[in-house]
Amino acid sequence: MKQIYTAYVNEDQAIWTYLFERQEKLLVDKASNEYLNCLKRLEPVLNKHKIPNFEQLNEYLYKANGWVIEVVEGLIEPNEFFNLLSQKRFPASTWLRDKAHLDYLQEPDMFHDIFGHIPLLMNTPFSQYVFEYAQLAKCHTHNEMILKQMQRLYWFTIEFGVIKELGQTRIYGAGILSSIEESKFIFSEKAHIYPFHLDDFIMKEYRIDILQENYYQINSFTDLWEHLKEYERLYLNHVVAPTP
Ligand SMILES: [Fe+2]
């Protein structure tokens, strides 16, 4: 599938500009500096002025860490999802929310996928974590229990992760970065931010239909590799993969 750029109408462009501008302003002192640096590096091809052209964006992404965007219609099966990530192809939608649903969506749209997920793929340690995570996850999609655990790991890092930078909590998870409500909520008294310990969330169900109550904070993006190795050591060592 390809992005059909000519299919976007003026209203789509206006919605993109509105969302980008609003979120960019809000995140100045809330998002991870690493994320903001990556966004700056992508500015020529990812900005408030127009919906990004994926081919142009891919040139920047590929040059930085070998990633490209893979256009998908919507949510995809775990097998396909992990397979794509393990080939450094990041799945993204090309449809954009409409005016009536600017603040809440049940399924990820292009603003979530591109504004939320794509910039940090320019950061080498983070992009390496996504790649290594996918290598591991794709070997275990046959095991429902492990699949769920790995989805929780994805959820509390790539989607809803926070990082400590210069003593302050900053956002790096795409689910927060792309949501006006969640990027404010996380700094409210109702949000609980804990040091990152796998045991605290790996066995528990999470809710996808509400703002998260608990977030787990890392200290650097290289920590993510350590947590992945720790997960493999503590939770997967006893699992024997079936012979193909
Ligand atoms: Fe996402």
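Only protein heavy atoms count here; under a 1.4 Å probe, Met145 has an accessible surface of about 100 Å². Place a +1 charge on the Cβ of each Lys and Arg in the stretch 1-149 and a -1 charge on the Cβ of each Asp and Glu, then give the dipole magnitude about the Cα centre in debye, rounded to the nearest 20. Dipole of the stretch 1-149, to the nearest 20 debye: 380 debye. Rolled with a 1.4 Å probe across the full set of protein chains, the surface gives Met203 an accessible area near 120 Å².
Between the Cα long axis of helix 124-137 and the first principal axis of the chain there is an angle of about 50°, rounded to the nearest 10. The accessible-area ordering, largest first, of the residues Cys38, Cys139 stands as Cys139, Cys38, per a 1.4 angstrom probe. Ranking Tyr133, Ile15, Leu120 by Cα position along the charge dipole of the chain, where only Lys, Arg, Asp and Glu carry charges on their C-beta atoms, puts Leu120 farthest toward the positive end. Note down the Stokes-Einstein diffusion coefficient of the stretch 5-236 in µm²/s, whole number, using a Kirkwood radius over alpha carbon pairs, 10 °C, and 1.306 mPa s. Estimated diffusion coefficient is 88 µm²/s.
Based on alpha-carbon centroids, what's the gap between the stretch 166-244 and the stretch 52-75 in Å, whole number please? Computed from Cα coordinates, the inter-centre distance equals 25 Å.
At 222 nm, what helix-only mean residue ellipticity would the chain give, in deg cm²/dmol to the nearest 500, using -39500 (n - 2.57) for each DSSP H run of four or more? Mind showing how you got there, number by number?
Values: 9 runs with 94 residues, N = 244.
When only DSSP H runs of four or more count, the value is -11500 deg cm²/dmol.
Using the heavy atoms of the protein chains and a 1.4 angstrom probe, tell me the accessible area per residue for the stretch 107-211 in square angstrom. Don't skip to the answer; put the middle values down first.
Numbers: 4330 Å² over 105 residues.
Each residue of the stretch 107-211 exposes 41 Å² on average to a 1.4 Å probe.
The listed peptides 7-13, 56-62, 151-157, 172-178, ordered by packing as a protection proxy, come out as 172-178, 151-157, 56-62, 7-13 (highest mean of other Cβ atoms within 10 Å first).
Computed from Cα atoms, the angle from the helix 144-154 axis to the main principal axis of the chain rounds to 50 degrees.
Listed peptides 113-121, 90-98 appear in the order 113-121, 90-98 once ranked by packing, highest mean of other Cβ atoms within 10 Å at the front.
Comparing Glu205, Glu165, Glu43 in a Gaussian network model of the chain (Cα springs below 10 Å), the most mobile by mean-square fluctuation is Glu205.
The values are calculated or read from the model by the stated rules, or taken from the named source; none is laboratory data. What you are looking at is a predicted structure, and each value in this text was computed from that prediction instead of being measured. No Cβ is skipped: glycine too gets one built from the backbone with ideal geometry, and neighbour counts run over all protein chains shown. Quick note on the areas: whole protein, heavy atoms, side chains included, nothing else; ligands and nucleic acids left out. Shrake-Rupley method; radii C 1.70, N 1.55, O 1.52, S 1.80 Å.
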